[in-house]
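What follows draws every value from the coordinates through simple rules; no lab data is involved. Please read these numbers as outputs of a predicted model, since none were measured by experiment. All Cβ positions, even for glycine, are placed from backbone atoms using ideal geometry, and neighbour counts span all protein chains on display.
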Amino acid sequence: MSLIQTQYLPHVKETRARLETDAVVRTLLSPDISPDLMARFLIEWSARGAYMTEPVDGWIRGAGERCIALGQEKVGRQLITHAKHEAGHHLMTLQDARVLTEQWNASHTQALDAEALVAQAPTAAMREYRQVHDEAITGDLPLGQAAIEYEVGYLAVVLVPRILARVREVLGQGTLDTLTFLREHAEVDVGHTALNERMMEGLLSTHPEEGRRLAAFGARGLDCYLRFLDDCLEAARRSLGTGVTAAAA
């Protein structure tokens, strides 16, 4: 049994369980979700997602530089190399938001402005998501950044494919094809997860007592992201003037 399994996973188990139980998850996976609610949710997710993804390469690079400063040269170099692969990914979310908005406007009298949606003020969950990353990379456990990415990557490979399957059923293949950011990350985050796992396993091999602190960063990041998804769903509901669906009750 790996050190990740014994020293880390027990401390994120409760937060990971919410990928099945949170109301936002049950609503998005419900066969009763309306096409309009799903479409508006995807627009909010993409438009607001730029705020969540734009700093990612800087966070990873910052964690790498902090590791090197603390004498962890090898893992620091790995992080800096990894950061290069994340640069500019927020541009995908912006493009997805624009395409989804164009599709919406072509079939609805309630026209949406993609740029205005992108420019919306961040919610508390969105601000806290940035804050927890910043705390990790400026503290004495910069691999907390890897733990956050590990948990959000877990969401990407476990939950996102299920949401995409529901999108295809509710809105069709055409809409699914426009979700370039989500589709790519559901695939490539498998590799990113493996990299983060190796780095954390390396740390735990010499400092097993850090498992709980790593997990605290990871769980906070995942909690913020789940609350962010709920914010997107609630914004979609407000836009449509709808209340809570039966699936979320």
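Over the stretch 1-62, the ratio between the Cα radius of gyration and 2.2 N^0.38 Å evaluates to 1.58.
Compared with the dominant Cα axis of the chain, that is its longest principal axis, helix 144-158 is turned about 40°. Taking Lys and Arg as +1 and Asp and Glu as -1, the other residues whose beta-carbon sits under 12 Å from that of I80 total +1. Under 12 Å from a point placed 7 Å out from the Cα of R238 along the Cα-to-Cβ direction: which residues of the stretch 117-131 have their backbone N that close? It comes to 120-124, nothing else. Using C-alpha pairs below 8 Å separated by at least 6 residues, the relative contact order for the stretch 33-117 is 35 percent.
In the chain, the DSSP-assigned H stretches of four residues or longer account for a calculated mean residue ellipticity at 222 nm of -25000 deg cm²/dmol, using -39500 (n - 2.57) per stretch and the full residue count as denominator. The computed P(r) over Cα pairs in 5 Å bins from 0, in percent for the structure shown corresponds, within (1) 1, 6, 12, 15, 15, 13, 10, 9, 8, 6, 4, 2, 0, 0; (2) 1, 6, 13, 18, 19, 16, 11, 8, 5, 2, 1, 0, 0; (3) 1, 5, 12, 17, 19, 19, 14, 9, 3, 0, 0, to (2). Take the Cα of A119, step 7 Å toward its Cβ, do the same at T6, and the gap between the two points is 5.6 nm. Per-residue Cβ neighbour counts within 10 Å put W104, W59, W45 in the sequence W104, W59, W45, beginning with the fewest.
Relative contact order for the chain using alpha-carbon pairs under 8 Å, separation at least 6, rounded to a whole percent?
Relative contact order for the chain comes out at 35 percent.
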